[in-house]
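The values are calculated or read from the model by the stated rules, or taken from the named source; none is laboratory data. All values derive from a computational prediction rather than experimental measurement. Cβ sites come from the backbone with ideal geometry, for glycine too, and all protein chains shown count toward neighbours. Please note that ligands, DNA and RNA were not included when accessible areas were found on the heavy atoms of the full protein model with its side chains. Shrake-Rupley method; radii C 1.70, N 1.55, O 1.52, S 1.80 Å.
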Amino acid sequence: MPRFTMRRAGRLTGLAAAATLVLTACGGVQEDTGAAGGSGESCQRSTEKVIGFDYPLTSLSVYGDLKRFAEKRAGERGYQVKYTADDQDLQKQIQNVQTWVTQKIPAIVSYPLEPASMEPLASQARSQCTVFVSYASPLKNQDAAVLFSGLESGKALGESAMKWIKDRGKPVKVLVLNNRDLAVGAQRDDGLKSVFPAGDADVEIVSTQKAGTRTDGEQITRTVLQAHPDLNMVLGYNDDVALGARQAFLNAGKKADDPNVFIGGQDGSKEGLTAVSEDGIYRVSVAVRIRDIGFAVTDVAADLLESKPNTGVNVPPVAIDAEHAELKDYMSDYS
């Protein structure tokens, strides 16, 4: 995911890291039983059918599809979805959400760049009966949450990489592209580290660098390839950076189906899954069902506005490779 403007965020990182996700171990959408409740029980909710979706990482390839699914469900339920323009900037996000809170928009779904900085706004919103749904990172002050486990996603990527290494039986040189500035990015990195390289003597991590965009992934990988021409594995924090790494390998003259190269990403974006389906060097995307998340953005907020019980959802990650039985099903969401 892209970088965001830090400013005050540094001193809050420790608080944000304390937040934990509800983990799931099987497929499908799971009920999130960890959401904080309370304010909705005594509130008179607005009857206006408007939901604000505050998603600051709009350059991600999954953003357009998230909007499409959220709006599809909103249309079915008679709701309107509004959006912020945060530009990956923490201060802009705070200002934009504050505007919505002041306007008393009926429901807000927010992906906080820095969870601790969103807590006061979420508390203020809930105190005046605005539904507040956290996205990706749970908050103490929330009515529900739309989650997908970053920790489990990172583990799944690491396990896929280790399996490929063991099946191949040859040493590998690895570039890790992470983004610990974001809570989900830190969780994905922690999950990866918990299983990779697991003390394997055949694994050498030659570089670990921060990357948030496809351009970052391509530029960093190109530089590392120049220093390590035998680099043959890149593990990306999301599909965007991993696809950039793939392009760097192709630009360096590597074949798209080189059996000695492993590139893996996370998110399950349309481009990521398409690359996986080609059965080449882009070997895995740890996917969360974008359709389910997009629908949940509307459904969770709408249910709470309509006084229906809904503590949120947790969409589990699934490591999708070219032979995975659900690859076509996941890709069908984008057709």
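Based on the convex hull around the alpha carbon atoms, the range 35-139 presents an average projected area of 6.4 nm². Candidates 134, 311, 273 compared by Cα position along the dipole of the chain: farthest toward the positive end lies 134, with charges placed on Cβ. Dipole magnitude for the range 206-323: about 280 debye, using +1 per Lys or Arg Cβ and -1 per Asp or Glu Cβ, origin at the Cα centre. Within the range 142-233, none of the trypsin sites (Lys or Arg not before Pro) combine a DSSP coil assignment with at most 14 other C-beta atoms in a 10 angstrom radius. For the range 197-267, the Kirkwood estimate of hydrodynamic radius, built from reciprocal distances between every pair of different alpha carbons, is 12.2 Å.
Between residue 227 and residue 87, the FRET efficiency from the beta-carbon distance, with R0 = 30 Å, is close to 0.35. Averaging 1/r over every pair of different alpha carbons in the range 135-176 and inverting the result gives a Kirkwood radius of 12.9 Å. Heavy atoms only, probe 1.4 Å: what % of the accessible area of the range 71-141 goes to carbon and sulfur, would you let me know? So the carbon and sulfur contribution to the accessible surface is 45 percent. Accessible area of residue 326 (1.4 Å probe, protein heavy atoms only, ligands and nucleic acids ignored): about 70 Å².
What translational diffusion coefficient, to the nearest whole µm²/s, does the range 153-227 have by Stokes-Einstein, given a Kirkwood radius computed over alpha-carbon pairs, a temperature of 10 °C and 1.306 mPa s viscosity? Rounded to a whole number, D works out at 122 µm²/s. Just to confirm my numbers, what's the Cα centroid distance between the range 236-280 and the range 75-100 in Å? The two parts, judged by their Cα centres, are 32 Å apart.
Quick one: which of 193/255; 92/210; 67/254; 67/104; 67/92 span more than 27 angstrom between C-alpha atoms?
From 193/255; 92/210; 67/254; 67/104; 67/92, over 27 Å: 193/255; 67/254.
The value obtained for the chain, namely the Cα convex hull volume divided by the number of residues, is 121 Å³ per residue. For the chain, the dipole from Cβ point charges (+1 on Lys and Arg, -1 on Asp and Glu) about the Cα centre works out to 640 debye, to the nearest 20.
Against the compact-protein benchmark of 2.2 N^0.38 Å, the Cα-based radius of gyration of the range 87-217 scales to 1.35. Here the range 234-335 exposes an accessible surface that is 46 percent carbon and sulfur, computed with a 1.4 Å probe and the other protein chains kept in place. The largest-to-smallest principal axis extents of the Cα set in the range 291-335 are 43, 21, 11 Å.
Convex hull over the Cα atoms of the range 121-195, averaged projected area in nm²? Show your work: numbers first, answer last.
Numbers: hull surface 23.4 nm².
The number I arrive at for the range 121-195 is 5.9 nm².
Dividing the helix sum by the residues of the chain, where each DSSP H run of 4 or more adds -39500 (n - 2.57), gives a mean residue ellipticity at 222 nm of -12500 deg cm²/dmol. Accessible surface computed residue by residue for the range 69-224, with neighbouring protein chains in place and a 1.4 Å probe, gives 37 Å² per residue. Hey, if you put +1 on the Cβ of every Lys and Arg and -1 on every Asp and Glu Cβ in the range 192-234, which of 196, 224, 209 ends up farthest toward the positive end of that dipole? Result: 209.
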